[in-house]
Amino acid sequence: MLTIALLALLCASASANAIQARSSSYNGEYGGGGGERFSHSGNQLEGPITALRVRVNRYYIVGLQVRYGKVWSDYVGGTQGDLEEIFLHPGESVIQVSGKYKYYLRKLVFVTDKGRYLPFGKDTGTSFNAVPLYPNTVLRFISGRASSLINAIGLHWDVYPSDCSSC
């Protein structure tokens, strides 16, 4: 009798875990080899993505910096080119990222849940299109490899933080 009760409890626990919603997913790396690895995984604890800084030159995405909540991540990449900065509206999230690459990242387009397209860079190279695997999830942080240019980018998706007192 005790064995049957334990078995029933084990099955109930396993089925509860099986129906638990999944939320995190990953796309990438898009780009070429080389560069030093970077990750903003710890930055997401500051809050959702609220702004983007992207440095571009005639051919490539040179550098990246992302604001999480009210805190800017470390800048990655080089210093040549023009720095562009875009702020997201309160509560706005990135739900899709597309772009192009050939050896280095050449173009990035961030699409938000408010229907905005935020393009950076030049329209040449191999295309990619990244979206989250699970519904109701948004871009939470980026990772990749960088040198004097952005070599490659990875995109990490999860649910929007429910408690963000610093945003």
On the first, second and third principal axes, largest extent first, how far apart are the outermost C-alpha atoms of the chain in Å?
-> 74, 35, 27
Mind checking which of Pro132, Pro48, Pro90 has the largest fluctuation in a GNM of the chain, springs on alpha carbons under 10 Å?
-> Pro90
Evaluate the distance, in nm, between pseudo-label points positioned 7 Å from the Cα of Val71 and of Leu118 along their respective Cα→Cβ axes.
-> 1.9
Looking only at aspartates and glutamates whose Cα falls under 17 Å of Lys107's and that sit 8 or more positions away or on another chain, we get Glu29, Asp82, Glu84, Glu85, Asp123
Pair-distance profile P(r), taking every C-alpha pair of the range 33-91, with 5 angstrom steps and integer % | 4, 18, 25, 22, 18, 9, 3, 0
Could you state the per residue volume, in Å³, of the convex hull enclosing the Cα atoms of the range 67-110?
-> 103
Please state the charge dipole magnitude for the chain, taken about the Cα centre, from unit charges on C-beta atoms (+1 on K and R, -1 on D and E), reported in debye and rounded to the nearest 20.
-> 460
Per residue, what accessible area does the range 74-167 have, given a 1.4 Å probe and all protein chains present, in Å²?
-> 51
Report in % the part of the accessible area of the chain that belongs to carbon and sulfur, leaving out ligands and nucleic acids; probe 1.4 Å.
-> 53
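The values are calculated or read from the model by the stated rules, or taken from the named source; none is laboratory data. Because the structure is predicted, anything quoted here is derived from the model rather than measured. Virtual Cβ from ideal backbone geometry, glycine too; neighbours counted across all protein chains shown. Heads up: the accessible areas ignore ligands, DNA and RNA and are worked out on the full protein's heavy atoms, side chains in. Shrake-Rupley method; radii C 1.70, N 1.55, O 1.52, S 1.80 Å.
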